[in-house]
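The values are calculated or read from the model by the stated rules, or taken from the named source; none is laboratory data. Quantities reported herein were computed from a predicted structural model and do not represent experimental measurements. Glycine gets a Cβ as well: all are built from the backbone with ideal geometry, and neighbour counts include every protein chain shown.
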């Protein structure tokens, strides 16, 4: 509630997404009333997540996204594994079943929602975000190589593929 109270001062001035949303539909409605969106992770697929499932089943189609929260919170059937973007299809399929619509519709809606939030096609948004990550990964590798000589651990092994 404190966060919503603070954001009240910025209503109409900024938009955002409530990452890893796990609240009730009433809480989601408060978030949406301020012009924000909510995003569901693999948590929505867990059997003990009835509250967030009820929320996802009632959320307006133009108000939500799905996300990985990588490397955590992998959806069923991947629970317990390192989460990755490819697993978002499981989350989207589960949300589709809650909304009683097909998975393609959820995919189209969440893509449109993300593009509306970021104000650009996703390819335009994703490239500038991933490019610094790739540069940072290369810089870590160069620094590690300089410091450790031949005892270099690949940053890819720590960061993981596609991170």
Can you pull out the residues in the range 1-27 that are assigned to a helix (DSSP H, G or I) and surrounded by 13 or more Cβ atoms within 10 Å (Cβ to Cβ)?
4, 7, 25, 27
Exactly one of 56, 86 is outside any loop (DSSP other than H, G, I, E, B) and touching a helix residue (DSSP H, G or I) at 6+ places or on another chain (Cβ under 8 Å), and that residue is 56
One residue from 85, 60, 121 being at pLDDT 95 or above, surrounded by fewer than 13 Cβ atoms within 10 Å (Cβ to Cβ) and within 30 Å of residue 30 (Cα to Cα)
60
I'd like to know if the range 92-104 contains one or more residues that are assigned to a loop (DSSP other than H, G, I, E, B), under 18 Å from residue 16 (Cα atoms) and either in contact with a strand residue (DSSP E or B) (Cβ under 7 Å, 6 or more places away or on another chain) or modelled with pLDDT of 95 or more (or both).
no
Conditions first: (1) out of contact with any helix residue (DSSP H, G or I) (no Cβ under 8 Å at 6 or more places or on another chain); (2) modelled with pLDDT under 95; (3) surrounded by 13 or more Cβ atoms within 10 Å (Cβ to Cβ). Residue 130 passes all but one, so which condition is the exception?
(3)
